[in-house]
Structures are given as structure tokens and as C-alpha cells.
Amino acid sequence: MGAIFHVVCGSFAVAAHYVHHPDDIKWEIYLNLSFLIIQIIGCILLIVSIWVKKSRIVICFLITNIIFMIWVLAGTIYCFLEKEYFVGVVLIFFIFLYIYLWVCVFSWLMEIRQNEKEK
């Protein structure tokens, strides 16, 4: 459920920017979509890890999540530079949620690794 929320928050951030700037450069749209696709793949792998319980799958999510958080942080800085303070504050809120989700998934990874050592 957290993974779905994660992607929805990212989609909101992208949509909020383009509502205010509909004439933005087209490459930004494709770059945003590519980061969301990477994040969706990571979220799918996280959901698969519930049944498969392999630490490598969870590590893939953690890596894609770090990449996504860096992208959202860059977007936050950009919003403040463009004086889009509301969107910037919303993105900061999402960054804290992403960090919380990352810590939760990291603890899941530690549990999986402990179970793999016991086998």
C-alpha cells in the first residue's frame, strides 16, 4: 500500500508543476515520466518481495527510491527557485514520507537477510 501511495505522491508532484507551467520544455515531461516509471518498477519489485522474500529484490527498490528522492529534491529546489512555494512545501512533505517509507523497507530488508542467514 505504501508503494502505491509513493507513486501517487510523485504523480501529484509532477502534475502540480505542469498545472502552473503548461508551456514547459517537453524534455522535462519525459524525464519526469522516466523517473516515475523507474519508481513504479521498484514498487512492483517491492510487492513481489512480499512473496519471494529475496533481499536482492528489496535492494532494487531501495536504490530506485534513492534515485527518485534525489529527483524530487531537485524538483523541490527548482520550485523554490521559480517561487512556486506551495508546490515546494508539498514536495518537502513528500520527501519526508519517502524517507519514512525507505526506512520501513530497509527494516524489511534486514528481516529478510536475517531469515536468509538462518536457512
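Within the range 102-119, the set of residues being under 16 Å from the mean Cα position of the chain (by Cα) and open to solvent by less than 30 Å² (accessible area, probe 1.4 Å) comprises just one member, VAL105. For the range 50-89, a residue qualifies if it is farther than 30 Å from GLN114 by Cα, in a helix (DSSP H, G or I) and open to solvent by 30 Å² or more (accessible area, probe 1.4 Å), and the qualifying residues are TRP71, LEU73, ALA74, ILE77, TYR78, PHE80, LEU81, TYR85, PHE86, VAL89. Answer yes or no: is there a residue in the range 25-48 that is modelled with pLDDT under 65 and closer than 18 Å to ILE77 by Cα. The answer is yes, given that some residue of the range 25-48 is modelled with pLDDT under 65 and closer than 18 Å to ILE77 by Cα.
Take THR64 and tell me if it is farther than 29 Å from ILE50 by Cα, touching a residue at least 12 places away in the same chain (Cβ under 8 Å) and not aliphatic (A, V, I, L, M). In short, no.
The values are calculated or read from the model by the stated rules, or taken from the named source; none is laboratory data. Because the structure is a prediction, the values reported are computed rather than measured. Positions of Cβ are generated from backbone atoms using ideal geometry, with glycine treated the same way; all protein chains shown enter the neighbour counts. Accessible surface areas use protein heavy atoms only, side chains included; no ligands, DNA or RNA. Shrake-Rupley method; radii C 1.70, N 1.55, O 1.52, S 1.80 Å.
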